[in-house]
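Here the structure comes first, spelled out in structure tokens, and everything after it is commentary.
The values are calculated or read from the model by the stated rules, or taken from the named source; none is laboratory data. Keep in mind it's a predicted model, so treat the numbers as computed, not measured. We place every Cβ from the backbone using ideal geometry, glycine too, and count neighbours over all the protein chains shown.
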Amino acid sequence: MTNEVKDQAVKLISESLGEVTAKSYAEFYKDKNDEIVKASVQELLIEVLGERKALEKMKGLL
Amino acid sequence: MAKNIFIATGLFILGASSILYILDMGGDKNRLFENLLYLSAPILTVFAAAFIVRTYGFSSKHGRAFFLIFLGYLSWLIGETLWVVFDYVLGIDPYPSIADFFFLTAYPLIALGIIFEVKLADIKFSSINRAILITFGVLTTLLVIGVTYSELILAYVPGGSLYDNLALVYGFASLILVIPAMLILPLAWEFKGGKIFIPWLLIFIGLFLDLLGDTLYGVFLEPYLEGLNPYELVDLLWIGEYVLVAFGLAGIAFVIRDIQKRFVPK
């Protein structure tokens, strides 16, 4: 897994949900592959921000 | 559990205040209870604001934006407490007093916190429902007119001293808050379908009630200060504001806290 995708995903979470949540996800994503990370962050952002906003934020990652 | 206790406390404050104020139950005998209930509302908001700052973490941009809102509501709480102490405990006229300094300080702090949140939300006005934009425009215009009329035109004492015209400062303070507060409507709309949509909507309604209360306070200042009914009902708008904003802030915090809890081993 590339660190780039993981770092971007954690940065997105940090921007939307704060550092504390981002740290938990950074740990969780450590051994996950790119596809799982992308799906996870998308699901999380849709849950909190709603679909339109989440997909807008995910543009760079998808 | 904590969520349920928080909601029950807010609903109790709203319900009990409504009964006391609308029915004027007990008259002067219930003054102490009425004052304690009134103060419990901003305490709830300050608690909720501290909770959301802690949940986001001060290192995050959201955490710092909400910290400004926390400081604003803390300032309002200090102002409200001083008002009750002067008015109820000491029996002296609370206006004007040092309480005004704290009331006035809150407006720019809350406005700044909201502006940072609006900036972070990166609102795409082009994709927002037209009805929402029209509502935003209409409410903003009505509040600007209302605040200007009641807190600037009615409050102006021609040839008066700074002391006589202190009320004008409230007018300008309210105007500072109008646009940021109304921007919360399109901000909330950005998150439609997400779990933070309703909490932001509650914050919007709460701040609208605050500005409505400020406007009515300016129009009915004399009977309000004399404690006459129904003019005292303006307090209910402010209590409603405190409780709804508290629900909104805590609501966002609980959404994020629930996500954080997923990583705590059971």
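Just so you know, in the stretch B:77-90 the residues that are without any contact (Cβ under 8 Å) to a residue 40 or more places away in the chain and of a type in the set (F, W, Y) include one that is farthest from B:P42 (Cα to Cα), and it is B:F86.
For (1) buried (at least 19 other Cβ atoms within 10 Å of the Cβ); (2) without any contact (Cβ under 8 Å) to a residue 12 or more places away in the chain; (3) small (G, A, S), each residue gets a yes or a no:
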residue	(1), (2), (3)
A:N3	no, yes, no
A:Q8	no, no, no
A:L17	yes, no, no
A:V37	yes, no, no
A:V41	yes, no, no
A:V48	yes, no, no
A:L55	no, no, no
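Considering the stretch B:248-262, and only residues there that are within 12 Å of chain A (Cβ to nearest Cβ) and touching a residue at least 24 places away in the same chain (Cβ under 8 Å), the residue that is surrounded by the fewest Cβ atoms within 10 Å (Cβ to Cβ) turns out to be B:Q260. The condition of being more than 13 Å from chain B (Cβ to nearest Cβ) and either at positive phi or touching a helix residue (DSSP H, G or I) at 6+ places or on another chain (Cβ under 8 Å) (or both) holds for only one of A:V37, A:V48, that being A:V37. The numbered conditions (1) at the interface with another protein chain (Cβ under 9 Å from one of its Cβ atoms); (2) within 21 Å of B:A188 (Cβ to Cβ) are all true for A:L12 except (1). When the stretch B:120-135 is limited to residues that are within 21 Å of B:I176 (Cα to Cα) and away from chain A (no Cβ under 12 Å), the one that is surrounded by the fewest Cβ atoms within 10 Å (Cβ to Cβ) turns out to be B:I134. Looking across the stretch A:19-35 at every residue that is among the charged types (D, E, K, R) and closer than 20 Å to B:H62 by Cβ, the one that is surrounded by the fewest Cβ atoms within 10 Å (Cβ to Cβ) is identified as A:K23. Set side by side, the residues B:I115, B:I98, B:I78, B:I145 differ, and just one is touching a Phe, Trp or Tyr at 6+ places or on another chain (Cβ under 8 Å) and modelled with pLDDT of 95 or more, which is B:I78.
Evaluating A:E56 against the criteria (1) within 12 Å of the chain's Cα centre (by Cα); (2) within 13 Å of chain B (Cβ to nearest Cβ); (3) modelled with pLDDT under 95 leaves one unmet condition, (1). In the set B:L228, B:L211, B:L237, only one residue is in contact (Cβ under 8 Å) with a residue 40 or more places away in the chain, more than 14 Å from every other protein chain (Cβ to nearest Cβ) and of a type outside the set (S, T, Y); that residue is B:L211. All conditions but one from (1) more than 14 Å from chain A (Cβ to nearest Cβ); (2) free of Cβ contacts under 8 Å to residues at least 12 places away in the same chain apply to B:K192; the one that does not is (1).
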